[in-house]
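The values are calculated or read from the model by the stated rules, or taken from the named source; none is laboratory data. Since the structure is predicted, the reported quantities are computational estimates derived from the model, not experimental observations. Using ideal geometry, Cβ is built from the backbone for each residue, glycine included, and neighbour counts are taken over all protein chains shown.
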Amino acid sequence: MSHHHAPPGLGEPEFFAHERAVASVPGAPEAVPLHLNGVLLPDGEVRDLWVVDGLLRSEPVAGAVTVCRGAWIMPGLVDAHCHVGLGAQGAVPVDVAEQQALTDRDAGTLLIRDAGSPVDTHWIDDRDDLPRIIRAGRHIARPKRYIRNYAEEVDPDELVAEVERQARRGDGWVKLVGDWIDRDAGDLAPLWPADIAAAAIERAHELGARVTAHCFGEESVHELVRAGIDGIEHGTGLDDTTIALMAERGVALVPTLVNLENFPGFADAGEARFPAYATHMRALHARRLATIGAAIEAGVPVFAGTDAGGTIQHGLVGTEIGLLARLGGTGFALGAASWRAREWLGAPPVEDGVWADLVVYASDPRVDVEVTRHPSLVVLRGRVVHRS
Ligand SMILES: [Zn+2]
């Protein structure tokens, strides 16, 4: 056992490396029981936790290896809008998808809601060292109405049938592209007639799946919330009446603040051919903090998602937490990326006998969420899979 730094003063967090407690590769030796001591969030109580066979225990376990004392412990982070298996040009090879998942894991993301991937990543479910994933199948869009190679592209009369296919392909979510640039109109426009979207959402619900949609502009989010959708991605076109309706119905919002920073770049890229679109994107960007802030204020359930995959790098959940904290405070942002998001997606809370998926920090993230960019320990299924 070795200290990572000089003997700390009273109350300083300590981390202990132990080769038998670390298993970052598949096929590693059986994990030894672990012991963690620190302030457990969200409760804020000093706790001792033991881990054996991948599960948490609140009673001491013989032979447990202490991996931290006086640290800050949170339920594993959630990236609620992430794409594993997707690169800038579309589908990526298995080794690239694996690296994406590892990058997210090492940032503390232990549960991903995959918001659409062109490849089947169910092989990840057999890997103890990779995050848990809840999938939305593949994005559903119309021909030439989304990024090339990303989506299953169908005309509106095929939407219901495609939703059935993707509901079966996913793990309880379906992802629609709600709006995108319409080249004839030269601006954002909804992809789906509202009545067809409503029928597709109803069919998904019959199959036990929830539906979410990419919405940048005003019209699509207005229509899809009224059509009974379960979630909205980005949501920059929200107004007060739709925000009120989302709050009332508990419709989730994953704003992907990391991605909203790219709107001026999207506007610049479209400027020459689509000046109205460019102006629109800049306006949505200019009021994004007011829009998302109003949704938080109104009680819409807002969760952390980075939109990693495609052109956005993986592992940015700490950056998203930092942006959310500016809008809703640190406790809100941490819950949006951890305990509240886990509860929303059906993951268990930190208690006896459940998943030992934890992320551990060297300082209090409620004081400064920036520490969430640098987890000291990541424990997945009862093993230390990452330390820094
Ligand atoms: Zn996305």
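Taking the numbered list (1) touching a helix residue (DSSP H, G or I) at 6+ places or on another chain (Cβ under 9 Å); (2) closer than 29 Å to residue 119 by Cα; (3) in a helix (DSSP H, G or I) in turn, residue 342 passes all entries but (1).
Scanning segment 271-314 for residues that are more than 16 Å from the ligand (Cβ to nearest atom) and part of a loop (DSSP other than H, G, I, E, B) yields 271, 272, 273, 274, 287, 299, 300, 301.
Yes/no matrix, rows are residues, columns are (1) within 14 Å of the ligand (Cβ to nearest atom); (2) modelled with pLDDT of 95 or more; (3) closer than 16 Å to residue 81 by Cα; (4) touching a strand residue (DSSP E or B) at 6+ places or on another chain (Cβ under 8 Å):
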position: 225; (1), (2), (3), (4): no, yes, no, yes
position: 233; (1), (2), (3), (4): yes, yes, yes, yes
position: 256; (1), (2), (3), (4): yes, yes, yes, yes
position: 264; (1), (2), (3), (4): no, yes, no, no
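Among the residues of segment 288-326 satisfying the criterion of being without any contact (Cβ under 8 Å) to a residue 40 or more places away in the chain and within 23 Å of residue 188 (Cβ to Cβ), which is surrounded by the fewest Cβ atoms within 10 Å (Cβ to Cβ)? The extreme case among them is 290. When segment 71-97 is filtered for residues that are of a type in the set (A, V, I, L, M, F, W, C) and within 12 Å of the ligand (Cβ to nearest atom), the ones remaining, listed by number, are 80, 82, 84, 86.
The single condition among (1) in contact with a Cys (Cβ under 9 Å, 6 or more places away or on another chain); (2) assigned to a helix (DSSP H, G or I) that residue 238 does not meet is (2).
For the condition touching a helix residue (DSSP H, G or I) at 6+ places or on another chain (Cβ under 9 Å), hydrophobic (A, V, I, L, M, F, W, C) and not in a helix (DSSP H, G or I), what is the one hit in 181, 147? Matching residue, one of 181, 147: 181.
Does residue 244 count as more than 16 Å from the ligand (Cβ to nearest atom), in the same structural domain as residue 228 (by TED's automatic domain parsing) and over 28 Å from residue 149 (Cα atoms)? Yes, satisfied.
Taking every residue in segment 243-272 that is among the acidic types (Asp, Glu) and pairing it with any residue that is more than 13 Å from the ligand (Cβ to nearest atom), at least 6 positions away or on another chain, the pairs with Cβ-Cβ distances below 6 Å are 271/278. Residues in segment 103-130 that are of a type in the set (A, V, I, L, M) and not in a loop (DSSP other than H, G, I, E, B) were compared, and the one that is farthest from the ligand (Cβ to nearest atom) is 110. May I ask you to list the residues in segment 205-223 that are within 13 Å of residue 193 (Cα to Cα) and more than 16 Å from the ligand (Cβ to nearest atom)? Result: 219, 222, 223. Residue count for segment 131-160, restricted to those that are within 16 Å of the ligand (Cβ to nearest atom) and more than 21 Å from residue 209 (Cβ to Cβ): 4.
When 65, 78, 94 are screened for being surrounded by fewer than 22 Cβ atoms within 10 Å (Cβ to Cβ) and touching a residue at least 40 places away in the same chain (Cβ under 8 Å), only 65 passes.
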